[in-house]
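Here's the structure we're looking at; comments come further down.
Only the coordinates and a few stated rules stand behind these numbers; no lab work does. Worth saying up front: this structure is predicted, and the values here are computed from it rather than measured. Glycine gets a Cβ as well: all are built from the backbone with ideal geometry, and neighbour counts include every protein chain shown.
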Amino acid sequence: MTPDTGQTAVAVLGLGAMGLPMATRLAGAFAVTGFDPMPASRTRAQETGLTCAATAADAVGGAAIVLLAVRDAAQVEGVLFGDDGIARALTPGAVVVMTSTVGMDAVASWTERLGALGVALVDAPLSGGPVRAGEGDLLIVVGADPSALEAARPVLERLSSTLTVVGDKAGDGQAMKTVNQLLCGVHIAAAAEALALADALGLDQQLALAALETGAASSFMLSNRGPRMVQGYDGDADVLSRLDIFVKDLGIVGKAARSAGLAAPVAAAAEQLFLLGQTQGMGTADDSAVIKVVAPQRRVPAAEGTTGDAETAR
């Protein structure tokens, strides 16, 4: 607790697309201090009224809960144990909540090294996107020691509408999120192929999408990404989830499947579509742009008085 407010002190490290809305959501109930290595990100956070520290170590000093909202395993390693890492600045008894999808490989090592400092790790990868993060409507899967989970639970419940505990050790959350991302990546790729095929067959994509959503072919990703796929043909869709995130996540899926001795050919095919999109310069575009890998040119009706179909790149 901070002596001036009586609120639990929470540090949020990483104030990007997900970290900032999570931090502002938490600030309504906790004493939150944020940090991001990018000055522009700190400025945006301060403009929302969030308190920011000059360094990560300053942000975590005295914090009971430290929430990491970073990109990948390399960034987690750097934030915790790099040259400017926070490990030695953490208060014994604190809990680190890892919200990113980073794979299972290094989790046991992080848990052991933090444990030697009297700090617990809660493995809590999440889904939902920036808007839902700001509304406390995220889906979070958790793997953690029960005592660590109870310490972090108020923060997790503030951020989530669905909180599912999948195991009693860090790494279990990553395992469950890996399974989740297999389905998400495949569903996005399948939606792209379906809508591209509808267009190639001369169907109105908007009508095709509406029809598909009403039947057995519907999925969350079809309904969520489908409109952006149609929009993306005529212009760039708003970036709500970058395409290169699924390059990372499906890479994690493939590695996990191989380690388990399991064939995952559908996930591998989806991964190739996202990799192609990244090599074609779409890594920072919305992941719905994967439709342009399947069909870079959009079919348009032939002009009156002509024969055949005319196609044009858009």
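General observations
- Subtracting the Cα-Cα distance of VAL239 and GLN297 from their residue separation scaled by 0.36 nm leaves 18.8 nm.
- Compactness of the chain as Cα Rg over 2.2 N^0.38 Å, two decimals: 1.11
- Taken along the Cα-to-beta-carbon direction at a fixed 7 Å, the label points for SER223 and ALA116 span 4.9 nm.
- Distance between the range 1-56 and the range 126-150 - C-alpha centres, whole angstrom: 17
- Under a 5 Å amide H cut-off, with hydrogens placed 1.01 Å from N, VAL66 pairs with ALA11, VAL95, VAL96, VAL97 among residues at least 5 apart or on other chains.
- Entry note, the chain: relative contact order of 12 percent, from Cα contacts under 8 Å with a spacing of 6+ residues.
- Sequence-separation-based contact order of the range 9-61, relative, with Cα cut under 8 Å and 6+ spacing, percent: 39
- The P(r) of the range 9-169 has a tail past 27 Å containing 13 percent of all C-alpha pairs.
- Stretchable slack from GLU47 to ALA260, in nm (0.36 nm times residue separation minus alpha-carbon distance): 72.0 nm
- Most positive-pole-ward Cα, SER160, TRP110, VAL97, against dipole of the range 9-169 from beta carbon charges: SER160
- Scalar couplings 3J(HN,Hα) for the range 219-224, obtained by applying the Karplus form with A = 6.51, B = -1.76, C = 1.60 to θ = phi - 60°, are 7, 4, 5, 4, 6, 7 Hz; x denotes Gly and Pro.
- Full extension of the chain between THR214 and LEU276 yields a length gain of 19.2 nm, computed as 0.36 nm times the residue separation minus the alpha carbon distance.
- The range 198-247 and the range 248-297 have Cα centres spaced 17 Å apart.
- Backbone phi angles across the range 93-110, fed through the Karplus curve with coefficients 6.51, -1.76 and 1.60 (θ = phi - 60°), yield HN-Hα couplings of x, 6, 10, 9, 9, 9, 9, 8, 8, 10, x, 8, 4, 9, 5, 4, 5, 4 Hz in residue order; Gly and Pro are listed as x.
- Think of the range 175-313 as having a plus end and a minus end, set by charges on the Cβ of Lys, Arg, Asp and Glu; of GLN231, MET221, ILE252, ILE252 sits farthest toward the positive end of this dipole.
- Estimated from helices alone, the mean residue ellipticity of the chain at 222 nm is -14500 deg cm²/dmol (sum of -39500 (n - 2.57) over DSSP H runs with n ≥ 4, per residue).
- GLY171 long-range amide H proximity, modeled H, under 5 Å: ASP123, GLY143
- Note on MET18, MET38, MET98: ascending count of other Cβ atoms within 10 Å places them as MET38, MET18, MET98, the fewest first.
- Relative to its Kirkwood radius, the Cα radius of gyration of the range 175-313 gives an Rg/Rh of 1.02.
- Dividing the mean sequence gap of close Cα pairs (under 8 Å, 6+ apart) by how many residues the range 9-169 holds gives a relative contact order of 20 percent.
- Computed from Cα positions, the angle between helix 146-159 and the longest principal axis of the chain comes to roughly 50 degrees.
- Here the residues GLU47, GLU213, ranked from fewest to most Cβ neighbours within 10 Å of their Cβ, fall in the order GLU47, GLU213.
- In the chain, taking the dipole from charged Cβ atoms about the Cα centre, the farthest positive-side position among LEU138, MET282, LEU149 is held by LEU149.
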